Amino acid sequence: MSSSFLSHQIAAFVLTSFTYGIFVVLWIISIVLMINRLITTTTTRPYSRSFPYGSIAYMALRRPLIISIILLFLFNTGQWIIVFIRILKAFGEIPDASWPTRFLSNFAEPTEVAYAIVATTSIFTSDCIIVYRLWCIWNCQSLVIIFPILSTASLLACSIGMAHQYTLFRPGDNIFAATSGRWMLSVCVLTLTTNGYSTGFIAWRVSRVHKQVAHMKLNNFSLSKVLMIFVESAALYMLWALAVIVAYGLRSTVFVTIIHVGPPIAGIACCMISIRIGLGWAQGSSPKVSTHTSSQIPVSIGSSRTAPVQPLEIAMDIVRSNDSGESGTNIKPEGRIIAN
C-alpha cells in the first residue's frame with residue numbers, strides 16, 4: 001500500500017462528510033416539496049383541507065419515490081456513521097505510528113465490511129430510483145426498462161460478491177490486485193451502464209416532447225433542456241462512476257477517495273430529481289396550451305358587414321399528482337362573440 005493511502009483516507013472522510021451534508025439539505029428540501037405537492041394535488045376535494053398527519057403519512061408511503069428517498073437517507077446516514085467510527089478507531093488510540101494505515105487498509109475489518117454492505121445498498125437503491133424515473137418518463141412502458149433492470153440486478157449480485165470478498169482480504173494485499181477490487185469495479189461499471197442507458201433514452205424522450213409540445217426544432221437544444229437531462233438522468237452520479245473506473249484503471253490511490261463519496265453523490269442526484277418533481281418541473285409536465293382561432297362571421301341584420309370574432313382561448317390546466325407527473329386535464333374555453 002502506497003504511503004499516500006492514509007492521506008487519501010482522511011480526504012475521503014472530509015469529502016464524504018461534505019457531500020453528506022449537501023445531501024441532507026437537499027433531502028429535507030425534496031421531502032418537504034414532495035409532501036407539499038402531494039397535499040396540494042389532493043386538496044382539490046372539498047373535505048381534504050384538514051388532513052390528519054396519519055393520512056398524509058399513509059399517502060406518502062404509497063409513493064415508491066418517497067419510500068426510496070427515505071431509504072436512501074437511512075443508508076447514507078449509516079454509511080457516514082460507519083466512516084466516522086472508522087476514523088475514530090484509526091486515530092483514537094494509536095499503539096504505534098503505522099496503526100492508522102494498517103487499520104484503514106484492512107478491508108476485512110468488520111466496520112469496513114459493514115461499510116461496503118451499506119454503501120453498495122445505497123448505490124443499488126439509487127439505481128432503482130433512476131430506473132423507476134425512466135419508466136415514468138416513458139409513460140410506464142416496460143420494454144424500455146428491461147435492460148436497466150438486468151444491469152441493476154447484476155449490480156446487486158456483484159455487491160454481494162464484493163462484500164464476501166472483503167471478508168477474505170488479508171492485511172498487506174493490494175486493493176488493485178485483490179479480487180474485491182475487481183468486484184468493486186464491476187459495481188461501478190454496471191452503475192455507469194444503467195446511468196448511460198437512462199441518459200440516452202431520457203435525452204431522446206425530452207427531444208421528442210419538446211418538439212411536439214413546445215414546437216421546438218430538433219436542433220434547438222437549449223440550456224434548459226440540457227439541465228433537464230442532466231438532472232433527470234442523474235448524470236452527476238454517472239460522472240462519479242466514470243471517475244472511479246478511470247482511477248482504478250490508472251491504479252491511483254485517489255480511487256479510495258472517489259469510491260467513498262459515491263453514496264452521497266448518488267443521493268444528491270436522486271434528491272435533485274425529487275426536487276424537480278416537488279416543484280412540478282418533472283419531465284412530462286405540459287405547459288399551458290392556448291389555441292387561437294380567428295374568423296369572419298357574416299352579419300345579416302342591417303348590413304352585409306362582417307364582424308370579427310375575438311380569439312377563442314382554450315386553457316389547459318394539468319395537475320400532476322403522481323411520481324410520473326401524469327394526471328387529469330381540465331379544459332376551460334374562454335372567449336366571446338361580438339356582433340355589431
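Mind telling me which of the residues F75, F107, F84, F124 ends up being in the same structural domain as A12 (by TED's automatic domain parsing) and farther than 23 Å from L155 by Cα?
Answer to the selection: F84.
Which of the residues that make up segment 203-214 are of a type outside the set (F, W, Y) and modelled with pLDDT of 70 or more?
If the condition is that a residue be of a type outside the set (F, W, Y) and modelled with pLDDT of 70 or more, then A203, R205 are the ones that fit.
Take the residues in segment 173-202 that are buried (at least 19 other Cβ atoms within 10 Å of the Cβ) and touching a Lys or Arg at 6+ places or on another chain (Cβ under 9 Å); name whichever of them is modelled with the lowest pLDDT.
I202
Hey, any hits in segment 118-138 for a residue that's surrounded by fewer than 20 Cβ atoms within 10 Å (Cβ to Cβ) and farther than 28 Å from V24 by Cα?
The answer is yes; a qualifying residue exists.
Out of I28, I85, I need the residue that is modelled with pLDDT of 85 or more, surrounded by fewer than 16 Cβ atoms within 10 Å (Cβ to Cβ) and over 17 Å from the mean Cα position of the chain (by Cα). Which one?
It is I85.
Just checking, how many residues over segment 157-172 are crowded, with 17+ Cβ neighbours inside 10 Å, touching a residue at least 60 places away in the same chain (Cβ under 8 Å) and either in a helix (DSSP H, G or I) or not hydrophobic (A, V, I, L, M, F, W, C) (or both)?
Count: 0.
Does K217 meet the test of being at pLDDT below 75, charged (D, E, K, R), in a loop (DSSP other than H, G, I, E, B) and surrounded by fewer than 14 Cβ atoms within 10 Å (Cβ to Cβ)?
The answer is yes for K217.
Is there any pair with a first residue in segment 76-97 that is farther than 16 Å from V118 by Cβ and a second that is polar (S, T, N, Q) and assigned to a helix (DSSP H, G or I) whose Cβ atoms are under 8 Å apart and which are 6 or more apart or on different chains, and what are they?
Matching pairs, first to second residue: K89/T111; A90/Q9.
Just checking, how many residues over segment 96-149 are of a type outside the set (A, V, I, L, M) and within 18 Å of V261 (Cα to Cα)?
The qualifying residues number 12.
The values are calculated or read from the model by the stated rules, or taken from the named source; none is laboratory data. Bear in mind that the values here come from a model prediction, so they are computed numbers and not experimental data. Cβ: placed from backbone, ideal geometry, glycine included. Neighbour counts: every protein chain shown.
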